[in-house]
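Heads up: the structure comes next, in structure tokens.
The values are calculated or read from the model by the stated rules, or taken from the named source; none is laboratory data. Fair warning: this is a prediction, and the values are worked out from it, not measured in the lab. All Cβ positions, glycine included, derive from the backbone under ideal geometry; neighbour counts span all protein chains shown. Surface accessibility is based on the protein's heavy atoms, side chains included, excluding ligands, DNA and RNA. Shrake-Rupley method; radii C 1.70, N 1.55, O 1.52, S 1.80 Å.
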Amino acid sequence: MENKKINLLMFSGEYDKALAALIIANTAREMEAEVTIFFAFWGLFLIRDPEKMTLEDKTTYEKMFSMMTPKGPEELPLSKMNFSGLGKQMLLEMMEEDEAPKLIDFLNGAVKKGVRFYGCKLSMEIMGLKKEEFIPELEVVDAKTYLQDALASDMQLFI
Amino acid sequence: MENKKINLLMFSGEYDKALAALIIANTAREMEAEVTIFFAFWGLFLIRDPEKMTLEDKTTYEKMFSMMTPKGPEELPLSKMNFSGLGKQMLLEMMEEDEAPKLIDFLNGAVKKGVRFYGCKLSMEIMGLKKEEFIPELEVVDAKTYLQDALASDMQLFI
Amino acid sequence: MENKKINLLMFSGEYDKALAALIIANTAREMEAEVTIFFAFWGLFLIRDPEKMTLEDKTTYEKMFSMMTPKGPEELPLSKMNFSGLGKQMLLEMMEEDEAPKLIDFLNGAVKKGVRFYGCKLSMEIMGLKKEEFIPELEVVDAKTYLQDALASDMQLFI
């Protein structure tokens, strides 16, 4: 699978969908395909650094939004059966029983394996999120750069 | 990006996902790629004309459904954190602070830029929605026409 | 459309999205394209055989999970407006008025038409679901096999 290229648009900010995206990305890297993930909207919360949240230079709405939204991968809810966190706890317990890695481990794996991390400029501006609040690997790009990368890829998914 | 072709299947009827779809579509048109959006199920509510809702020739269920569902782009809810409209209001305020266009502006932009609008015949029949209830650019097509267009495209997303 | 190949990743376990996936798959088969559906996470509940649920060899969490989740296609909820089943009932009534087939009919159609059914090994292990609990056509494969099939396809969707 050398010379193959995969582009994922990570729109949703949910634990289970993020797991799916990162498992696809990491498996593809192991097969030597190139992988870009473009994080837009809620997807950005997956690569937020929980220790770097800032409220500086933010409007009141942006501050409220920063505080109400998940801070990093382990805070993401499930896309269904979340039951205020109970369903997610259940999934985490089942993952532990199988000694499956956590979402944060898959994310660290993706960084190590050389997945490319693109962040949607417009989403970040609207939500008032700053580059410094994310993992350092994030490159901030516009929709045009996303599309160029996606159109140069052999496979594109909207997750 | 001339000669490139993009096909989006707009299934979900949510404000944030519709924004994502239309930003991709409009950016692609600016790069001179061809773009088709196929609206199915909930996605159809994005291109409903709020002033053309009719209850004529509809069964009781279809009438109820017509009344309970969003009438046009600005009535769509968020895919998460909607909080009965509060979360959406917050997003709209943040968009205004950045002078970002609204969903309806992106939709009008897409019409002007020549995005092709396909509506799913089967979804419309089941929900009892008539061609006259939509923006005039809508062409009603079946799943086969969607697939032919999608397979002739360089990139396909299910949104 | 001979020689064309389509790959769907069925992640969500919702009645309406499953309808969309199966209508695409069946229409593609009628056009003589090859179709693979890879069922992961919640998507697996679509191909669970309601009569083959077992609690044997499952941990407590896996047993709870098996009991709390939908048993087969007709138990799947809607992705929105489910209203504890009321919205789904309304959709089913509207489908019946149009004499549209049910989800289970589309699933049986897909089996007959030769759609390939892949099940995600990792999801099944985590959720404690056994091969015997699914329709017999299911082949259990890993993420690598999914990616090889997807990259060899002309079109890929994440549903």
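Hey, what's the per residue convex hull volume over the C-alpha atoms of chain B, in cubic angstrom?
Residue-normalised Cα hull volume stands at 107 Å³.
Please check: in the Gaussian network model of chain C (C-alpha springs, under 10 Å), which one of C:49, C:98, C:142 has the largest mean-square fluctuation.
C:98
Can you list the residues in the stretch C:99-136 whose accessible area drops by at least 50 Å² when all protein chains are present, compared with the chain alone? Use a 1.4 Å probe, heavy atoms only.
C:126
Between residue B:112 and residue C:2, how high is the FRET efficiency from 1/(1 + (r/R0)^6) when r is the Cβ-Cβ distance and R₀ = 51 Å? Nearest 0.05. If you can, show how the numbers build up before the last one.
Working: r = 38 Å, r/R0 = 0.75.
Efficiency for this residue pair is about 0.85.
Send over a whole-number figure in Å² for the accessible area per residue of chain B, probe 1.4 Å.
40 Å²
Roll a 1.4 angstrom probe over the protein heavy atoms and tell me the percent of accessible area of chain A that is carbon or sulfur.
49 percent
Connecting C-alpha atoms closer than 10 Å in a GNM of chain A, tell me which of A:25, A:40, A:100 has the biggest fluctuation.
Of A:25, A:40, A:100, the Gaussian network model singles out A:100 as fluctuating most.
Can you tell me what share of the DSSP beta bridges in the stretch A:5-158 is antiparallel? A percent to the nearest 5 is fine.
5 percent
Rounded to whole Hz and in sequence order, give me ³J(HN,Hα) for the stretch C:116-124 from the Karplus expression 6.51 cos²θ - 1.76 cosθ + 1.60, θ = phi - 60°, writing x for Gly and Pro.
Listing the rounded values in order: 8, 9, 9, x, 6, 4, 5, 4, 5 Hz.
Label the protein assembly as shown by shape, choosing from rounded, prolate and oblate, from the square roots a ≥ b ≥ c of the eigenvalues of the Cα gyration tensor; if a/c is under 1.5 it is rounded, and otherwise prolate applies when a/b is larger than b/c, oblate when it is not.
Because its axes are fairly even, with a/c under 1.5, the protein assembly as shown counts as rounded.
Quick one: among B:37, B:47, B:23, which has the greatest mean-square fluctuation in a GNM of chain B with alpha-carbon springs under 10 angstrom?
Maximum fluctuation in the GNM of chain B, among the listed residues, is at B:23.
Please give the contour-minus-distance gain from residue C:137 to residue C:99: 0.36 nm per residue of separation, less the Cα-Cα distance, rounded to one decimal in nm. Intermediate results must be reported in sequence, preceding the final value.
On the way: separation 38, 0.36 × 38 = 13.68 nm, distance 2.74 nm.
Full extension from residue C:137 to residue C:99 adds 10.9 nm.
For peptide A:145-156, what's the mean number of Cβ atoms from other chains within 10 Å of each residue's Cβ? Don't skip to the end; give the middle numbers.
Details: counts 1, 3, 11, 3, 0, 6, 9, 3, 2, 5, 10, 9.
Other-chain Cβ atoms within 10 Å of each residue's Cβ, averaged: 5.
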